[in-house]
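The values are calculated or read from the model by the stated rules, or taken from the named source; none is laboratory data. Keep in mind the model is a prediction, meaning the values are calculated, not measured. Cβ placement follows ideal geometry from the backbone for every residue including glycine, while neighbour counts extend to all protein chains displayed. Quick note on the areas: whole protein, heavy atoms, side chains included, nothing else; ligands and nucleic acids left out. Shrake-Rupley method; radii C 1.70, N 1.55, O 1.52, S 1.80 Å.
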Amino acid sequence: MMFIKRIEIGQFGNLKHVALDFKPGANLIVAPNEWGKSTLIDFIFAVFYGMDHNKADLRTSNRSRNMPWEQDSMSGALFYEADGLSYRVGCEFGAQKRMDRIILTDESLGRSSEIDGDPLGKHIFGLGEHSFNQ
């Protein structure tokens with residue numbers, strides 16, 4: 001079983017210096033309108049599947065929608081547990097896809113590797129981006 005233990009966001013969309021802890025099972029996030037609940041979902045999606053680079057429709061591009069005004073980068077980390085092991089996924093997203101970096105660290109072994117090629121979510125969940133999004 002895999003579960004998200006913690007999310008730390010340096011800056012992503014309107015979220016800045018946010019840290020949230022989660023427990024195994026269902027977690028409920030209740031916050032006022034415009035707090036950033038949808039932005040939090042965008043962040044989780046970006047960690048597992050990367051940021052899109054759709055310039056044709058800026059309204060549906062999660063990179064364009066979440067890049068803070070007058071900034072050229074976003075960052076954060078997601079901590080999760082799977083099969084009794086702890087992992088950290090550190091992310092930096094730039095104004096362009098070539099600036100993105102996603103680093104997976106096995107905290108049990110202290111080993112890190114940059115995620116290139118297939119998205120992390122495909123390896124963890126066995127699901128492509130479209131299926132995960134549904």
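Of the residues examined, GLY36 is one that is on the phi > 0 side of the Ramachandran plot and in contact with a Leu (Cβ under 6 Å, 6 or more places away or on another chain). Give just the number: which of (1) closer than 26 Å to ASP116 by Cβ; (2) surrounded by fewer than 15 Cβ atoms within 10 Å (Cβ to Cβ) does LYS23 not satisfy? It fails just one condition, (1). Against the definition (open to solvent by less than 60 Å² (accessible area, probe 1.4 Å), in contact (Cβ under 8 Å) with a residue 60 or more places away in the chain and either within 17 Å of PHE12 (Cα to Cα) or out of contact with any Leu (no Cβ under 7 Å at 6 or more places or on another chain) (or both)), how does ALA46 come out, yes or no? Considered against the rule, which asks whether it is open to solvent by less than 60 Å² (accessible area, probe 1.4 Å), in contact (Cβ under 8 Å) with a residue 60 or more places away in the chain and either within 17 Å of PHE12 (Cα to Cα) or out of contact with any Leu (no Cβ under 7 Å at 6 or more places or on another chain) (or both), ALA46 comes out as no. The set of residues in region 123-132 that are under 21 Å from LEU85 (Cα atoms) and touching a residue at least 60 places away in the same chain (Cβ under 8 Å) comprises ILE124, PHE125. For region 102-117, a residue qualifies if it is closer than 19 Å to SER75 by Cβ and either in contact with a Phe, Trp or Tyr (Cβ under 7 Å, 6 or more places away or on another chain) or part of a loop (DSSP other than H, G, I, E, B) (or both), and the qualifying residues are LEU104, THR105, GLU107, ILE115, ASP116.
Let's see how each residue does on (1) in contact (Cβ under 8 Å) with a residue 60 or more places away in the chain; (2) under 20 Å from ASN133 (Cα atoms); (3) in contact with an Asp or Glu (Cβ under 9 Å, 6 or more places away or on another chain):
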| site | (1), (2), (3) |
| --- | --- |
| LEU40 | no, yes, no |
| TRP69 | no, no, no |
| ALA95 | no, no, yes |
| THR105 | no, no, no |
| GLY117 | no, yes, no |
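Of the residues that make up region 28-46, is at least one part of a strand (DSSP E or B) and closer than 24 Å to ARG101 by Cβ? The answer is no; no qualifying residue exists. When residues in region 86-117 are screened for being surrounded by 12 or more Cβ atoms within 10 Å (Cβ to Cβ) and within 19 Å of MET1 (Cα to Cα), 8 of them pass. Taken residue by residue, region 72-91 has no member that is in a loop (DSSP other than H, G, I, E, B) and in contact with a Lys or Arg (Cβ under 9 Å, 6 or more places away or on another chain). Is it the case that GLY76 is open to solvent by less than 50 Å² (accessible area, probe 1.4 Å) and not hydrophobic (A, V, I, L, M, F, W, C)? Yes; evaluated as a whole, the condition is true for this residue.
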